[in-house]
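Shown next, in structure tokens, is the structure this report addresses.
The values are calculated or read from the model by the stated rules, or taken from the named source; none is laboratory data. A quick note: this is a predicted structure, and the numbers were derived from the prediction, not measured. Because the Cβ atoms are built from the backbone with ideal geometry, glycine has one as well, and the counts that use them run over all protein chains shown. In case anyone asks, the SASA skips ligands and DNA or RNA and just uses the protein heavy atoms, side chains included. Shrake-Rupley method; radii C 1.70, N 1.55, O 1.52, S 1.80 Å.
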Amino acid sequence: MEALENLGVWGSILIAVVWSALPIVFILLYALVTLYAEMKIAAHIQDRLAYMRTGWHGTLQPFADILKLLQKEDTISSAADRKLFRLAPYVVFMGTYGAFSAIPFSSIYIGSNIDLGVFFIVAVSSLVVVGILMGGWASNNKWSIFGAMRSAAQMVSYEIPTALAILIAVMITGSLNLQDVTKFQEGGIHNWVVFGGPLPLTQKLLLIPFTLVTFIILFIASLAEVNRTPFDLPEAESELVQGFNTEYSGMRFAMFYLAEYANMFLVSAVTVALFLGGWTSPFGSFLSGPVWGLFWFIGKCLLLVFLQIWIRWTLPRLRVDQLMYTSWKVLTPFLFVCIFGVGLILVL
Amino acid sequence: MDLYIIVFYLFALITLASAAIVVISKNIVYSAFALLFTFFGVAGLYVLLMADFIAVTQLLIYVGGILVLLLFGVMLTTKVIRVDMRTATVRTFPAVVIVAALAGTLIGIFWSTDWPQSPASDGFERTIPQIGEMLLTSYLLPFEIASVVLLVALIGAAMIARRERKAL
Amino acid sequence: MAAVRAYFNNIWIALTTVAVGMKITFKHLFVPAVTLQYPDVKLKLPERARNRLYVNIDDCIGCDQCSMVCPVDCIIIETIKSTPDQDLGTTSTGHKKRLHVPVFDIDIAKCCYCGLCVYPCPTECIVMTDVYEFSEFDRNRLIYSFSIMTPQDIELAKEKLKKAEEEAAAKKAAATAAAAKAVQPSGAQALKPASPEPGTPEQPGNS
Ligand code: SF4
Ligand code: SF4
């Protein structure tokens with residue numbers, strides 16, 4: 001590190017690049033695993049077996065899939081707006097990846113330990129909306145534009161419950177910095193914000209119903225934020241073919257796909273850091289430390305990702321009006337009540 | 001020349017180039033999308049000015065809210081109703097006068113102001129607690145008034161939308 | 001008040017039903033798969049499964065009934081009459097074979113597996129088997145030829161038939177000439193010579 005710093009500009013650029021490239025390595029590995037897990041879980045829920053012929057129990061299938069995507073022809077329809085069409089997947093991925101910089105993977109690794117933490121994540125994620133609109137519009141295809149419109153409307157609406165739910169966790173922990181939020185919850189499972197945080201017992205007991213409700217609402221809203229079932233209207237394959245990425249193929253499609261999977265992890269990571277103790281061990285100081293921290297963090301996130309997959313293969317898709325009803329008439333009022341309650345309890 | 005300077009010029013370049021596209025482009029959708037990079041670049045510049053809260057707020061409100069609204073408007077009009085929206089140059093003379101006056105004022109301010117030159121600090125100061133405290137103490141009234149105005153706008157929008165549906 | 005109750009009731013129902021659904025899917029996560037690992041494990045087909053056609057050409061009498069009935073016309077049969085001096089043998093069902101079958105092609109790619117061709121066959125030699133894996137890369141390879149006659153055999157059979165026909169024609173010509181001579185005195189009847197008399201014994205081929 002110090003030797004590199006002596007190199008001046010290039011050294012600092014190199015450090016910055018390496019430091020910021022760590023999450024992408026993780027995202028790629030994670031995407032491979034999740035790709036496989038998603039198909040396997042889907043199959044087993046439906047009493048099937050899924051891939052069995054590529055490697056042991058089909059473990060090589062994700063690699064084969066990626067190889068296939070890599071060598072597929074990158075088609076652009078003649079009526080599409082070529083410039084924006086090409087740009088869109090990068091904007092989407094940029095939004096997702098940018099948000100990864102504020103995720104505390106472990107006590108020693110966080111891309112950028114900024115004070116704004118979650119606020120930054122919420123803000124940068126809005127790039128995804130613009131990217132999706134861009135892709136949908138540039139495709140010049142009815143399905144794409146419908147998908148993009150729905151996606152934007154959905155994400156903008158669900159940003160409100162998400163932000164409010166995040167606000168509740170922030171009120172309890174008193175910081176926007178996810179590293180601080182995580183440290184606040186150190187000391188075991190009972191100190192997690194979802195169980196009231198490390199507050200005096202009476203306050204804690206009063207808080208638990210509110211935090212539990214908030215946690216569930218945040219999870220529901222985050223499902224909608226990443227366009228997953230039961231909120232997968234933007235991609236609704238039975239109505240819109242494939243939504244905003246109908247026209248995409250090859251690497252550009254892979255980019256959207258990767259962004260979607262990365263987004264799943266991202267929202268899980270935010271939920272974990274805010275409510276489930278981030279990288280802290282559930283057993284207090286037992287099995288804690290930077291490496292175990294990484295293990296706990298990723299483990300908890302993958303658990304939530306599993307929950308997302310499980311829900312995807314259980315529930316049907318909502319209708320557009322039901323989607324809006326859920327956001328504006330159920331989640332938001334409930335969160336207002338929670339904010340009020342939590343504020344009151346914290347002041348007491 | 002250190003990383004700070006490089007990043008500054010990078011963001012400045014992004015901002016200026018995309019702002020130029022916004023103005024020059026004949027295709028209004030390009031203008032709208034170029035605005036994304038302008039906002040992004042400006043947010044980057046705010047960060048370099050140690051105003052991280054402003055930067056992130058800029059992203060959240062302008063990119064997440066206003067830009068999406070703009071895009072909806074542009075996309076709905078050009079693609080769905082098939083109106084060919086193009087930007088064109090009209091009334092060149094008054095425009096030149098106004099722009100010249102504006103530019104003159106700005107440049108005048110730019111030259112006459114005594115810009116504080118602080119050395120690039122090592123780390124970020126924690127601005128959020130200060131901002132929060134300020135908002136809820138010395139600037140409580142403007143803060144509350146702003147929120148009431150927004151609430152009124154929200155209710156007004158809902159009212160207009162509802163009435164239109166009944167009329168149909 | 002009722003509206004408020006309905007609102008909360010809806011939320012409660014939504015939550016509980018989601019929970020029920022998720023419990024069911026979770027249980028199924030551990031239920032053994034009901035599917036088979038197809039190429040490794042195969043389902044035993046029922047005895048009367050209708051799959052690839054097979055023709056036992058030794059038993060085929062070339063009656064063309066299967067070809068006639070086929071709704072998609074995927075069976076093509078050509079026959080050559082045998083001459084009286086040839087004995088083509090009998091089928092296993094005891095039918096006398098009287099026709100050579102130089103061409104018996106089934107375009108299995110067209111076949112819709114209706115099984116209609118199986119029923120009319122008098123000798124039960126066209127049957128459906130339980131073979132269903134016969135995909136090919138070249139469509140022409142799906143035209144199955146069941147005839148076992150070599151080109152030489154066909155040539156021979158054709159020549160023989162031609163010779164026999166010529167002989168028969170010559171015989172017939174001679175016969176008509178003789179008949180004409182015999183009935184010449186009666187005059188008027190000589191005007192319609194070609195129609196074969198019902199009882200003419202020299203008709204070759206079919207019975
Ligand atoms: S099964 Fe049906 S379609 Fe196939 S050859 Fe026989 S009659 Fe024709
Ligand atoms: S019905 Fe049977 S005997 Fe007749 S031609 Fe077909 S296969 Fe041959």
Of the criteria (1) open to solvent by 50 Å² or more (accessible area, probe 1.4 Å); (2) within 11 Å of chain A (Cβ to nearest Cβ), which one B:ASP52 fails: (1)
For C:ILE57: the one exception among (1) surrounded by fewer than 14 Cβ atoms within 10 Å (Cβ to Cβ); (2) within 16 Å of ligand 1 (Cβ to nearest atom): (1)
Residue within segment A:329-347 that is at pLDDT below 85 and open to solvent by 20 Å² or more (accessible area, probe 1.4 Å) present: yes
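Can A:THR182 be described as open to solvent by less than 20 Å² (accessible area, probe 1.4 Å), under 21 Å from A:ILE208 (Cβ atoms) and part of a helix (DSSP H, G or I)?
yes
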Pair list, Cβ < 9 Å and 6+ apart or interchain, from segment C:35-60 residues that are in a strand (DSSP E or B) to residues that are open to solvent by 50 Å² or more (accessible area, probe 1.4 Å): C:LEU53/C:TYR113; C:LEU53/C:VAL127; C:TYR54/C:VAL127; C:TYR54/C:VAL131; C:VAL55/C:VAL127
Residue in segment A:192-200 that is modelled with pLDDT under 85 and surrounded by fewer than 17 Cβ atoms within 10 Å (Cβ to Cβ) present: yes
Residues that are part of a helix (DSSP H, G or I) and touching a residue at least 60 places away in the same chain (Cβ under 8 Å), drawn from segment A:339-348: A:ILE339, A:GLY341, A:VAL342, A:GLY343, A:ILE345, A:LEU346
Matching entry among A:LEU164, A:LEU176 (being assigned to a loop (DSSP other than H, G, I, E, B), under 25 Å from A:LYS300 (Cα atoms) and out of contact with any Pro (no Cβ under 7 Å at 6 or more places or on another chain)): A:LEU176
Hits in segment A:115-132 - residues which are within 7 Å of chain B (Cβ to nearest Cβ) and hydroxyl-bearing (Ser, Thr, Tyr): A:SER126
Checklist (1) more than 14 Å from every other protein chain (Cβ to nearest Cβ); (2) open to solvent by less than 80 Å² (accessible area, probe 1.4 Å); (3) more than 10 Å from ligand 2 (Cβ to nearest atom) applied to C:GLU47, failing item: (2)
Close pairs from segment C:67-87: first more than 15 Å from C:ARG98 (Cα to Cα), partner part of a strand (DSSP E or B) and open to solvent by less than 60 Å² (accessible area, probe 1.4 Å), Cβ under 7 Å, at least 6 apart: C:SER67/C:ILE75; C:SER67/C:ILE77; C:CYS74/C:ILE106; C:CYS74/C:ASP107; C:ILE75/C:ILE106; C:ILE76/C:VAL103; C:ILE76/C:ASP105
Unique match (being loosely packed, with under 11 Cβ neighbours inside 10 Å, within 14 Å of chain A (Cβ to nearest Cβ) and away from ligand 2 (no atom under 13 Å from the Cβ)) among C:VAL41, C:VAL18: C:VAL41
Subset tally (residues that are open to solvent by less than 60 Å² (accessible area, probe 1.4 Å) and within 16 Å of ligand 1 (Cβ to nearest atom)) for segment C:63-100: 10
Test: residue in segment C:124-131 that is buried (at least 17 other Cβ atoms within 10 Å of the Cβ) and within 12 Å of ligand 1 (Cβ to nearest atom): yes
Filtered residue count, segment B:92-124, keeping only those that are under 24 Å from B:VAL29 (Cβ atoms) and modelled with pLDDT under 80: 0
All helices (runs of 4 or more DSSP H) inside segment A:237-338 with 3 or more residues being among the small types (Gly, Ala, Ser) and under 14 Å from the mean Cα position of the chain (by Cα): A:250-275
Counted residues, segment B:3-24 - those being within 11 Å of another protein chain (Cβ to nearest Cβ) and touching a residue at least 12 places away in the same chain (Cβ under 8 Å): 3
Selected residue (only one of C:ASP85, C:ASP59 is more than 9 Å from ligand 2 (Cβ to nearest atom) and of a type in the set (D, E, K, R)): C:ASP85
Enumerated helices (runs of 4 or more DSSP H) restricted to segment A:1-116, each holding at least 3 residues that are open to solvent by 80 Å² or more (accessible area, probe 1.4 Å): A:9-45, A:61-71, A:82-100
Residue pairs meeting the criteria (Cβ under 7 Å; at least 6 apart or on separate chains; first touching a residue at least 60 places away in the same chain (Cβ under 8 Å), in segment A:304-322; second surrounded by fewer than 17 Cβ atoms within 10 Å (Cβ to Cβ) and among the small types (Gly, Ala, Ser)): A:ILE309/A:ALA37; A:TRP313/A:ALA42; A:THR314/C:GLY21; A:LEU315/C:GLY21
Enumeration of residues in segment A:298-313 that are within 13 Å of chain C (Cβ to nearest Cβ) and open to solvent by 30 Å² or more (accessible area, probe 1.4 Å): A:PHE306, A:LEU307, A:TRP310, A:ARG312, A:TRP313
Residue selected from segment C:101-119 under the condition hydrophobic (A, V, I, L, M, F, W, C), more than 8 Å from ligand 1 (Cβ to nearest atom) and open to solvent by 20 Å² or more (accessible area, probe 1.4 Å), by the criterion nearest to the other protein chains (Cβ to nearest Cβ): C:ALA109
Enumeration of residues in segment C:5-24 that are of a type in the set (Lys, Arg) and within 60 Å of the chain's Cα centre (by Cα): C:LYS23
